[in-house]
Amino acid sequence: MAEVEPAVIEELVGNAHGNLARVRDLLDVHPDALNMRAPWNETAVEAATQMGNKPILDLLLERGAPVDFFTACVLGRLEQVDSELAADQARAKARGVHDLPALYFAAIGGSVTIAERLLAAGADVNQRAEAASPIHGAVMGGSAHMVRLLLERGADPTLPDYQGRGARQLAEDMDRPDLAGLFEPARQPPPHPRPPRVA
């Protein structure tokens, strides 16, 4: 395996969050960087998994990146998820990159079947990390069906993400009024009564 400069690894992992063309270019020149960890303890496949970025995941897997439990949740690989849950049901509560819960990965990937399997195996619909909770993953993944499922199972849409946003605000920030409309409007405190005017 060739030595790869740390700056190349950092650029690869950083771009694996959303820049398919740059990831492809970097891997063409530095194929040995594929599974290397950036200083913040993340690989390219973990970055793409965190973002639910299936085109980048497809490229990385084509180049030989591994498919762990969390990537399988994003990609909807039911057989692998079922196999791992059968071997250890606690996987439903496992945490992946950036301490994100397994249900977040199913939610961002849009696999309702996998989300239901995780919930049946004991996943907590409100298990959160500093970055996000499963309901944020559902919004980021863009699946109204997933958002509805998590809400029906008791997801708290007011849980904050890393920017302090609840799920409705995240949907609004993403310009997804269709998803924002699935959440009840945020309750505003009642207006303070005005003191009587003294003449």
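Residues checked against (1) of a type outside the set (A, V, I, L, M); (2) closer than 18 Å to M146 by Cβ:
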{"position": "L59", "(1), (2)": "no, no"}
{"position": "A72", "(1), (2)": "no, yes"}
{"position": "D88", "(1), (2)": "yes, no"}
{"position": "R91", "(1), (2)": "yes, no"}
{"position": "V97", "(1), (2)": "no, no"}
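For region 67-85, check the following and say yes or no: at least one residue is farther than 18 Å from F105 by Cα and crowded, with 16+ Cβ neighbours inside 10 Å. The answer is no, given that none of the residues of region 67-85 is farther than 18 Å from F105 by Cα and crowded, with 16+ Cβ neighbours inside 10 Å. The residues listed here are E10, E62; of these, the one that is modelled with pLDDT of 95 or more, in contact with a strand residue (DSSP E or B) (Cβ under 8 Å, 6 or more places away or on another chain) and not aromatic (F, W, Y) is E10.
Anything in region 32-60 that is over 12 Å from V13 (Cα atoms) and either of a type in the set (S, T, N, Q) or in a loop (DSSP other than H, G, I, E, B) (or both)? List them, or say none. G52, N53, listed by residue number.
Residues checked against (1) out of contact with any helix residue (DSSP H, G or I) (no Cβ under 7 Å at 6 or more places or on another chain); (2) farther than 20 Å from E130 by Cα:
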| site | (1), (2) |
| --- | --- |
| E10 | yes, yes |
| H17 | no, no |
| N35 | yes, yes |
| A47 | no, no |
| M51 | yes, no |
| S83 | yes, yes |
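Would you confirm whether any residue within region 61-77 is more than 30 Å from R22 (Cβ to Cβ) and assigned to a helix (DSSP H, G or I)? No; the residues of region 61-77 include none that is more than 30 Å from R22 (Cβ to Cβ) and assigned to a helix (DSSP H, G or I). Checking each residue in region 149-179 for being under 16 Å from A107 (Cα atoms), in contact with a helix residue (DSSP H, G or I) (Cβ under 9 Å, 6 or more places away or on another chain) and either of a type in the set (A, V, I, L, M) or not in a loop (DSSP other than H, G, I, E, B) (or both) picks out L149, L150, L151, A155, L159, A167, R168, L170, A171, L179. Summed over region 78-102, the residues that are touching a residue at least 24 places away in the same chain (Cβ under 8 Å) and either within 20 Å of S143 (Cβ to Cβ) or acidic (D, E) (or both) give a count of 9. The listed residues are G110, G141, G164, G122, and the only one of them that is of a type outside the set (A, V, I, L, M, F, W, C) and farther than 22 Å from A180 by Cβ turns out to be G122. Among the residues here, H17 qualifies as within 24 Å of A138 (Cβ to Cβ), within 20 Å of the chain's Cα centre (by Cα) and not in a helix (DSSP H, G or I).
When restricted to residues that are surrounded by fewer than 21 Cβ atoms within 10 Å (Cβ to Cβ) and part of a helix (DSSP H, G or I), region 115-140 contains 4. In region 35-55 there is no residue matching the filter, namely being crowded, with 21+ Cβ neighbours inside 10 Å, outside the structural domain of I108 (by TED's automatic domain parsing) and over 22 Å from the mean Cα position of the chain (by Cα).
The values are calculated or read from the model by the stated rules, or taken from the named source; none is laboratory data. If you're wondering where the values come from, they're calculated on a predicted model, not measured in any experiment. Every residue, glycine among them, receives a Cβ derived from its backbone with ideal geometry; neighbour counts consider all protein chains shown.
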